[in-house]
Structures are given as C-alpha cells and as structure tokens.
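Quick one: the structure is below, and I'll ask about it shortly.
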Amino acid sequence: MEILIRPIVTEKMTAQGERYNRYGFMVQRRATKQQIKKAVESLYNVSVDSVNTMVCGGKVKSRFTKAGAITGRTPVYKKAIVTLAEGNSIDFYSNI
C-alpha cells in the first residue's frame, strides 16, 4: 500500500519548509504516524523528527447550470506535516 499520495506544494507549505524545515503530504486515511515517518525516510533519504496529522473534511460545492443548481462534495483527505531533523531538506523541484 502506498502511504504518500502526493506532496502539498503551496505558498504556505513552501514558507514553512524554508523557515521551520516542515513539509506537507497528502496521505492515505488509514496511515499512522509511524508508517508516514518510515515512508518519508525511505523515499527521500532524510531523518524525520516529528509527524503531525489532520483529517480535512470535504466541502459542499454548488454551481449553477442551465439545468439548475448542481451540488456536490469534495473528498475527505488526510494531511501530514513532517518536521525534518536539522540539516535535512527535501527538494520537490529537482526532478522536473
């Protein structure tokens, strides 16, 4: 089972990466903190200090079309904020 789905590359997470050495990932909902730590350490060859997780609930979205209003819901996902040990870093842009 793949634990890490994708990295979160936003302006806020980039600032945290530069300032606090923290990086964000979307992860599987059933993943534990220990599994996330092992996955990040093995994939990026870094040492992880701590892992904080949160489950982000979906939002109700609606749009108006010719046929009327259509309502839907965005999916629920789990987010992990990983703090790396001092001297380690992850470069998401190196393989572009």
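The values are calculated or read from the model by the stated rules, or taken from the named source; none is laboratory data. Quick caveat: nothing in here was measured; it's all calculated off a predicted structure. No Cβ is skipped: glycine too gets one built from the backbone with ideal geometry, and neighbour counts run over all protein chains shown.
ALA31 versus (1) over 15 Å from PHE92 (Cβ atoms); (2) surrounded by fewer than 17 Cβ atoms within 10 Å (Cβ to Cβ): which is the lone unmet condition?
If we test ALA31 against (1) over 15 Å from PHE92 (Cβ atoms); (2) surrounded by fewer than 17 Cβ atoms within 10 Å (Cβ to Cβ), just (2) comes out false.
Further question on the same structure: Being under 8 Å from the mean Cα position of the chain (by Cα) and among the aliphatic types (A, V, I, L, M) is the filter here; which residues of segment 6-39 pass it?
Scanning segment 6-39 gives ILE8, MET26, VAL27.
Related question: Can you name the residue in segment 30-45 that is modelled with pLDDT of 95 or more and either of a type in the set (Phe, Trp, Tyr) or not in a helix (DSSP H, G or I) (or both) and is also farthest from ALA80 (Cα to Cα) among such residues?
ARG30
How many of the residues in segment 46-78 are aliphatic (A, V, I, L, M), more than 21 Å from LYS33 (Cα to Cα) and in a strand (DSSP E or B)?
Qualifying residue count, segment 46-78: 3.
Do you know which of the residues in segment 40-59 that are of a type outside the set (Ser, Thr, Tyr) and more than 19 Å from ASP91 (Cβ to Cβ) is farthest from the chain's Cα centre (by Cα)?
Result: LYS59.
Continuing with the same structure: When you scan segment 55-80, how many residues do you find that are surrounded by 11 or more Cβ atoms within 10 Å (Cβ to Cβ), hydrophobic (A, V, I, L, M, F, W, C) and either in contact with a helix residue (DSSP H, G or I) (Cβ under 8 Å, 6 or more places away or on another chain) or without any contact (Cβ under 8 Å) to a residue 40 or more places away in the chain (or both)?
The total comes to 2.
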